[in-house]
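The values are calculated or read from the model by the stated rules, or taken from the named source; none is laboratory data. Not measured: the values here are computed from a predicted model. Cβ placement follows ideal geometry from the backbone for every residue including glycine, while neighbour counts extend to all protein chains displayed. Quick note on the areas: whole protein, heavy atoms, side chains included, nothing else; ligands and nucleic acids left out. Shrake-Rupley method; radii C 1.70, N 1.55, O 1.52, S 1.80 Å.
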Amino acid sequence: MANSETAQLDLAFKALDAFHIEIPSWGFANTGTRFGKFTQAAAATSIEEKFADAAEVNRLTGVTPTMALHVLWDLPNGLKDVPVVKELEQRFGIRSGSINPNLFQDQEYKYGSLCNPSAAIREHALGHMLDSIEIGKALGSRDISLWMADGSNYPGTQSIRKRIGWLEEALRTSHDHLALNQRLLVEYKPFEPAFYHTDIADWGMSSHFARHAGPQACVLVDTGHHYTSQNIEQIVAWLLHTGILGGFHFNDRRYADDDLTLGSIDPYQIFRIFSEIHTAASDGLELDIAYMIDQSHNLKGKMEATIQTVVTAQELYLKAALVDREKLAVLQESCDLVSAEELYRGAFWTDVRPLAAAWRTARGLAADPLAALRASGYVERTGQERGSRNSAVSSYA
Ligand code: PSV
Ligand code: MN
């Protein structure tokens, strides 16, 4: 093997050893759009089945040791469900990942949760935040990942500024309840379900709320939560520079928050995000970034789509690691535009699949996790076991 090939292999192994990604429990359950749901025979129908699916993904990919939990969906009885989850963690070898409070589904949240004009409803929502933090402590999971649907649909119907104040207060109180090792991740989204104003609409607002809440709060970037053509890697660069980037919800989009498979529409976008992160790391910035998936597999098989996503994330992370950053810095300083761009794009065009397969083989994993899933018969088996519960109209395809 030539020296340069060995160096590339070393670099690839180092990058992939360092890369873990969290899968969401809700990615295994039946989901749909507001127009309807197409059920899948193999979809998980309980928290136990979600853990089983997560364990299978981790067995095949080796890089998904944690699963994000959504409190109302996975722990409907709150803290009382913690022992059940702990037993499942033990049984399946998967740890609970980020804890997602649910402040968007209950009837009282029609006009908002932590930003509701009613003090009683704000208090109730804060209670759920504090319960979620306690659940995180009891499960030993570090990140509380907050997304709120709060906002309004018509101009003049809400005081935007009063709501800012209420949210500042609630997030500071929540922050005061965090254990020293916990973090509060503040997610933003420009619209939907609110269509006039959303209380945390962009990264600037998230940064403000996180900073106001305290040092353990940071920003969560969901790649689907941006307007078309927004420069997400620039946002990431800003969050890195200001030391407030806490994590990602990865997915892809064509129009809005489409929740499509990562890299299915614009893999170059994700490469550019990862590239900012690798550059920040090689510049010596302290990074602590939670990589998470937030997708809804409405048409694709859930296990296949999850594995496809994990593998794609690894490939794009690896491509971005291959950028020769020393050379690029020189080209940037001399403003050699075409050479700089070619060097950058060259890494993106590199076929890293053989490198990823070599890493998997060296780590005792299936070289091709998707093929291994298909060969395992897992989806057919779980489809038979769960089929009647899912009342599927057709078999998994
Ligand atoms: C909202 O669109 C979101 O991105 C939030 O992260 C939620 O927790 C998740 O999707 C699931 O609905
Ligand atoms: Mn999200």
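Listed values, structure above:
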| quantity | calculated |
| --- | --- |
| Ile265 paired with Glu380, simple spin-label distance in nm, labels 7 Å along Cα-to-beta-carbon | 3.5 |
| Theoretical FRET efficiency, 1/(1+(r/R0)^6), r = Cβ-Cβ of Ala18 and Asp351, R0 25 Å, to 0.05 | 0.75 |
| Cubic angstrom per residue, convex hull over Cα atoms of the range 1-55 | 153 |
| At most 13 other Cβ within 10 Å, DSSP loop - GluC sites (Glu not before Pro), the range 223-328 | Glu286 |
| Cβ-defined net charge surrounding Thr198, 12 Å radius [Lys, Arg +1; Asp, Glu -1] | -4 |
| 20 Å reach of a label modelled at Ser159, 7 Å along Cα-to-Cβ, counting backbone N of the range 203-222 | 209 |
| Accessible surface of the chain, 1.4 Å probe, proportion on carbon and sulfur as whole % | 54 |
| Net charge contributed by nearby residues that have their C-beta within less than 15 Å of Ser113 (K/R +1, D/E -1) | -4 |
| Whole-Å distance, taken between Cα centres, linking the range 153-188 and the range 215-242 | 18 |
| Per residue accessible area in Å² of the chain, where ligands, DNA and RNA are left out and the probe is 1.4 Å | 46 |
| Protection-proxy order for peptides 243-249, 204-210, 219-225, 361-367, each taking the mean of Cβ atoms within 10 Å per residue, highest first | 219-225, 243-249, 204-210, 361-367 |
| Cα-derived Rg over Rh, computed across the chain with Rh taken as Kirkwood radius | 0.97 |
| Highest to lowest packing among 378-384, 278-284, 297-303, scored as the average C-beta count within 10 Å | 297-303, 378-384, 278-284 |
| Cβ-Cβ FRET estimate between Lys86 and Glu333, R0 fixed at 56 Å, reported to 0.05 | 0.55 |
| Debye intensity ratio I(q)/I(0), log10, the range 27-147, q values 0.21, 0.22 Å⁻¹ (C-alpha model) | -1.19, -1.25 |
| Computed lengthening from Leu79 to Asn231, 0.36 nm per intervening residue step minus Cα-Cα distance | 50.7 nm |
| Cut-off 12 Å (backbone N to label point 7 Å along Cα→Cβ of Asp258), residues of the range 201-227 | 224 |
| Residue-by-residue Karplus 3J(HN,Hα) for the range 143-158, coefficients 6.51, -1.76, 1.60, Hz, glycine and proline x | 9, 9, 10, 9, 10, 10, 8, 3, x, 9, 9, 9, x, x, 8, 9 |
| Rg/Rg_globular for the range 137-283, with Rg_globular taken as 2.2 N^0.38 Å and Rg from C-alpha atoms | 1.08 |
| Reduced Cα scattering model of the range 253-366, Debye log10 I(q)/I(0), q = 0.10, 0.20 Å⁻¹ | -0.37, -1.18 |
| Amide H within-cut-off set for Asp143, under 5 Å, with H built and near neighbours excluded | Ile99, Arg183 |
| Built amide H within the under 5 Å cut-off of Ala290, gap 5+ | Gly247, Phe248 |
| Neighbourhood net charge (13 Å Cβ-Cβ; Lys/Arg +1, Asp/Glu -1) for Ala357 | 0 |
| Top positive-direction residue, dipole computed over the chain with Cβ charges, set Leu79, Val219, Thr261 | Leu79 |
| Rounded to 5, the percent of DSSP beta bridges in the range 21-390 classed as antiparallel | 15 |
| Taking the chain and dividing mean pair separation by its residue count, relative contact order in percent (alpha carbons under 8 Å, at least six apart) | 20 |
| Expected-Rg normalisation [2.2 N^0.38 Å, Cα atoms] applied to the range 47-104 | 1.10 |
